[in-house]
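A short write-up of the structure that comes next.
The values are calculated or read from the model by the stated rules, or taken from the named source; none is laboratory data. As the structure is a prediction and not an experimental result, all values here were calculated from the model. No Cβ is skipped: glycine too gets one built from the backbone with ideal geometry, and neighbour counts run over all protein chains shown.
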Amino acid sequence: MRVLIAIALGGLAVTAHGATLSPVTLSPVHPGDALRIAGTDATLDPTVRKAAGGEELVAVTFEPAPRPSLLLAPKQGAWSWPVNGTMRWRLQNGMPWPVTLIVDVASGAKHLTATVGLPPGPPMTLSLPLHATSPRAFGMQVGPPMPFAGTAGGKAGGGAALAVIAAPTGVAGLRLVATTVDGAIDAGAVTAVTLSMPSPGAPQTILLGQLDTAPGDGDLRAAYAGIVDRFGQYTRATWPEKVADHASLKARANAAPAAPKSTNLDRFGGRTDLPAMRATGWFHTQKQGDRWWLVSPEGHAFFSLGVNAVNLTDGRTYVQGREFMFADPAAANGRFGGVGDSRSDQGSQRDNGMNHGRWWDVYANNVARSFGDGDVRAAWRKRTIDRLKAWRFNTLGNWSDPAFSVGASDESRIAYTVPILIKGDFNSVSTGFDYWGRMPDPFDPRFAAATQAAVAKATTGVRDDPWLLGYFADNELAWAGQGPQGRWALAIGTLAQGPASPAKQAFLAYLEKTHGDIATFAKAWGVPVTRWDAVATEGFRAPPPDEAHPAIAVDYIAFLKLYAAQYFRTVAETLKKADPHHLFLGGRLAVRTPEVEEASAAYADVTSINTYTDVPEHGFDVAAFRKLDKPVLITEFHFGSPDRGPFGSGLAAVANEEERGKAYARFVDAAASSGVVVGTHWFQYVDQPVTGRILDGENAHIGLVGITDIPFEGFTRAVTETNARIGGGSGGR
């Protein structure tokens with residue numbers, strides 16, 4: 001249904017040629033004859049309604065349809081709006097639940113779009129920056145929650161004045177700023193504004209007020225201004241673990257966790273209540289019946305319940321360039337700071353702004369506040385180990401403080417892992433994803449040399465330690481690209497390289513051996529080449545597999561197997577020569593293919609997989625590993641929620657804090673019952689900073705403790721119950 005309604009745009013000025021309208025307040029409440037409104041599956045009721053503060057509004061109802069919309073446009077010419085300015089529109093949700101709105105500003109064929117959630121409540125001002133933006137531009141992955149209450153005439157951190165959004169007298173100053181906007185327009189020639197809704201299941205009513213513009217992006221800046229307090233906490237919300245003063249932080253951070261004495265465990269955390277297995281003096285793997293286990297050095301079943309990133313330096317966030325976000329400049333620029341530069345061409349940084357300069361280590365600052373004088377690092381490590389053991393964790397996952405590997409007694413020790421980070425000047429291959437960088441070329445002799453150096457470094461001082469669970473190789477390598485053809489990205493990327501690439505040489509050798517002459521190859525792949533030199537040339541555009549040429553997929557699969565086998569064999573053989581006792585725990589696979597999983601299972605003692613799903617079988621093919629008959633370690637998983645300060649909910653979101661504990665239990669229970677999963681490692685120990693970590697701007701509530709080092713008591717209680725049931729220690733199964 002399409003409805004045309006004439007409405008006034010008060011005080012319009014038209015150019016001599018009638019081409020451009022001056023930027024004047026648009027009022028759908030008091031109609032005239034200069035504005036055209038077109039409804040598609042949306043009906044405007046021109047009856048004037050008054051909000052509680054006296055503000056006048058009219059209602060539009062969006063009907064159930066794929067995308068009902070209301071378009072506002074000048075009857076002639078275009079609106080002239082400020083370049084890089086802001087559109088402001090008074091809106092009110094007429095429903096008792098939140099609704100999703102899509103706002104589109106057009107200048108001819110160019111569009112600027114944003115999706116916002118409009119909550120129920122009083123009228124508020126939607127602010128749409130007239131240029132593309134995102135939280136990434138401000139150095140974080142997720143922006144502040146909306147709406148927020150503005151403070152007229154207030155000051156942001158560092159003394160910057162907050163932008164004040166005009167609202168009629170007596171109207172609540174709620175601001176709904178679109179922090180993610182895509183596209184681009186010619187602001188001097190705006191031809192339409194469209195408000196739409198994605199597929200409502202029932203009629204939804206929105207109340208509309210005046211629409212106008214303002215120069216600059218002060219509203220966007222206000223959305224981020226003063227969002228972090230002196231303890232690194234979000235300023236516009238409250239939650240049970242939030243602290244208001246130093247004394248409260250100190251008392252709550254130092255509160256001893258409830259820790260009933262563990263039973264039925266050996267000194268490494270192996271379960272003495274289950275049938276004994278081989279005791280080798282080292283952690284190893286063993287299958288008992290139809291189930292794989294890790295086995296403690298003393299010969300007892302060990303399900304690795306670990307935590308990643310247990311260290312004191314994970315709370316660093318950049319301050320430089322965004323001082324206005326911090327309400328207490330003295331804290332943000334105090335002694336717990338330094339200088340860094342995270343800029344790179346990696347996928348993790350390509351669109352990230354405010355990513356260099358001075359940083360503030362919020363977490364370390366709060367830990368020091370909680371202890372006062374003395375050896376803070378040693379005190380923190382003891383407090384942390386006490387907590388982890390009380391919560392029935394038995395392993396330190398990747399990225400944890402190496403100092404934990406040293407302990408004077410069993411009470412101060414816990415099984416730990418060590419990363420082998422292979423760096424060097426060897427060739428690398430792009431898959432187009434490259435989130436943490438390009439793929440190492442394992443066919444390059446320099447890769448083997450770099451592996452030897454990395455293994456030597458990783459094994460120094462730990463190769464004779466029975467508390468070491470094992471080693472990881474690298475982290476989340478880009479074994480595949482994105483999209484439906486991503487599986488083939490490594491093969492296609494290899495063929496795009498020049499003839500000097502060792503990986504390409506290996507691929508060409510396989511192709512020549514498999515197909516023989518170039519004509520046979522050209523026909524099998526459907527490519528117009530007559531010489532092998534043409535394939536060897538840099539920039540060769542390898543085709544994606546298709547039904548007409550099945551040999552392409554066959555050859556890609558074969559090469560991916562060769563590539564993965566070369567990588568894992570090189571690392572495994574090098575590691576076992578340097579340290580024959582400890583486990584090779586694989587490559588912490590995230591983006592992966594069946595070929596890399598198969599190679600990992602063949603050469604690693606355990607295949608490590610990072611997956612963020614509700615249960616493990618939705619993250620990797622459990623049945624395939626049962627068929628391979630090899631164990632798996634889940635080396636990253638988590639569940640986050642938006643109700644404890646940081647804006648993000650991580651890669652696996654749940655509704656609230658209570659649901660995090662339920663999700664943890666569901667995931668770990670499923671892992672333990674799979675028969676192939678031998679452990680689960682939570683990512684991570686501490687919440688990420690509100691304004692994003694310096695590595696890539698991640699800012700999620702995913703921790704066991706907050707940025708103040710105060711545990712999330714409800715969550716850790718649920719975690720403890722699950723861990724005790726799965727890992728043993730208090731009558732577990």
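Between TRP79, TRP97, which is crowded, with 21+ Cβ neighbours inside 10 Å and of a type in the set (A, V, I, L, M, F, W, C)? Working first, answer last.
On the way: TRP97 fails: crowded, with 21+ Cβ neighbours inside 10 Å.
After ruling out the rest, the residue left standing is TRP79.
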Report summary line: Taking the range 442-474 and keeping only residues that are at positive phi and exposed (fewer than 15 other Cβ atoms within 10 Å of the Cβ), one is left with GLY461
Query raised in the report: Failed condition for GLY432, given (1) within 30 Å of THR722 (Cβ to Cβ); (2) in contact with a helix residue (DSSP H, G or I) (Cβ under 6 Å, 6 or more places away or on another chain), with all others met?
Result: (1)
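Among the candidates GLY299, GLY306, which residue alone is touching a His at 6+ places or on another chain (Cβ under 7 Å), of a type outside the set (Asp, Glu) and either buried (at least 20 other Cβ atoms within 10 Å of the Cβ) or assigned to a loop (DSSP other than H, G, I, E, B) (or both)? Before the answer, list the steps.
On the way: GLY299 fails: touching a His at 6+ places or on another chain (Cβ under 7 Å).
Result: GLY306 is the single residue among GLY299, GLY306 that is touching a His at 6+ places or on another chain (Cβ under 7 Å), of a type outside the set (Asp, Glu) and either buried (at least 20 other Cβ atoms within 10 Å of the Cβ) or assigned to a loop (DSSP other than H, G, I, E, B) (or both).
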Query raised in the report: What are the residues in the range 85-123 that are more than 30 Å from the chain's Cα centre (by Cα) and closer than 19 Å to GLN204 by Cβ, if any?
Result: TRP89, ARG90, LEU91, GLN92, ASN93, GLY94, MET95, PRO96, GLY121, PRO122, PRO123
Requested in this report: Determine if the range 617-629 includes at least one residue that is touching a Leu at 6+ places or on another chain (Cβ under 7 Å) and either among the hydroxyl-bearing types (Ser, Thr, Tyr) or surrounded by fewer than 23 Cβ atoms within 10 Å (Cβ to Cβ) (or both).
Outcome: no
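Among the listed residues GLY397, GLY432, GLY424, GLY407, identify the single one that is more than 25 Å from ARG369 (Cβ to Cβ), at pLDDT 95 or above and surrounded by fewer than 18 Cβ atoms within 10 Å (Cβ to Cβ). If you could, list the steps in order and put the result at the bottom.
Details: GLY397 fails: surrounded by fewer than 18 Cβ atoms within 10 Å (Cβ to Cβ); GLY432 fails: at pLDDT 95 or above; GLY407 fails: at pLDDT 95 or above.
Result of the check over GLY397, GLY432, GLY424, GLY407: GLY424.
Step by step: first the residues of the range 534-591, then only those that are assigned to a helix (DSSP H, G or I) and acidic (Asp, Glu), then the one that is surrounded by the most Cβ atoms within 10 Å (Cβ to Cβ). Which residue is that? Steps first, please.
Looking only at the range 534-591, we keep the residues that are assigned to a helix (DSSP H, G or I), and these are 534-536, 550-578.
Those still in the list that are acidic (Asp, Glu) too: 555, 573.
Values: ASP555: 22, GLU573: 15.
That would be ASP555.
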Query - Of all residues making up the range 247-266, the number that are surrounded by 14 or more Cβ atoms within 10 Å (Cβ to Cβ) and touching a residue at least 60 places away in the same chain (Cβ under 8 Å) - result: 8
Report task. Spot the failing condition for LYS287; the list is (1) out of contact with any helix residue (DSSP H, G or I) (no Cβ under 9 Å at 6 or more places or on another chain); (2) at pLDDT below 95; (3) surrounded by fewer than 16 Cβ atoms within 10 Å (Cβ to Cβ); (4) under 29 Å from ASN610 (Cβ atoms), and only one is missed. Result -> (2)
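Please determine whether any residue of the range 388-400 is of a type outside the set (A, V, I, L, M) and under 15 Å from LEU312 (Cβ atoms). Steps first, please.
Here is the first cut: in the range 388-400, the residues of a type outside the set (A, V, I, L, M) are 389, 391-395, 397-400.
Checking the rest, the ones that are also under 15 Å from LEU312 (Cβ atoms) come to 399-400.
Among the residues of the range 388-400, at least one is of a type outside the set (A, V, I, L, M) and under 15 Å from LEU312 (Cβ atoms), which makes the answer yes.
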Report task. Have a look at PRO642, PRO689, PRO646 and point out the one that is out of contact with any strand residue (DSSP E or B) (no Cβ under 7 Å at 6 or more places or on another chain) and part of a loop (DSSP other than H, G, I, E, B). Result -> PRO642
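Counting only residues that are touching a residue at least 60 places away in the same chain (Cβ under 8 Å) and of a type in the set (D, E, K, R), give me the strands (runs of 3 or more DSSP E) lying completely in the range 59-156 with at least 1 of them. Write out each step before concluding.
On the way: elements: 69-74, 86-93, 99-107, 110-118, 124-129.
Passing ranges, in order: 86-93, 99-107, 110-118.
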Query raised in the report: Is it true that some residue in the range 242-257 is at pLDDT 95 or above, β-branched (Val, Ile, Thr) and within 29 Å of the chain's Cα centre (by Cα)?
Result: yes
**Report entry** Where PHE371 falls short, out of the listed (1) under 22 Å from THR716 (Cβ atoms); (2) buried (at least 21 other Cβ atoms within 10 Å of the Cβ)
**Finding:** (2)
Report summary line: Listed by first then second residue, the pairs whose first member lies in the range 454-466 and is hydrophobic (A, V, I, L, M, F, W, C), whose partner is in a helix (DSSP H, G or I), with beta carbons under 7 Å and at least 6 positions apart or on separate chains, are VAL455/THR574; VAL455/LEU575; VAL455/ALA578; ALA456/ALA578; VAL462/SER405
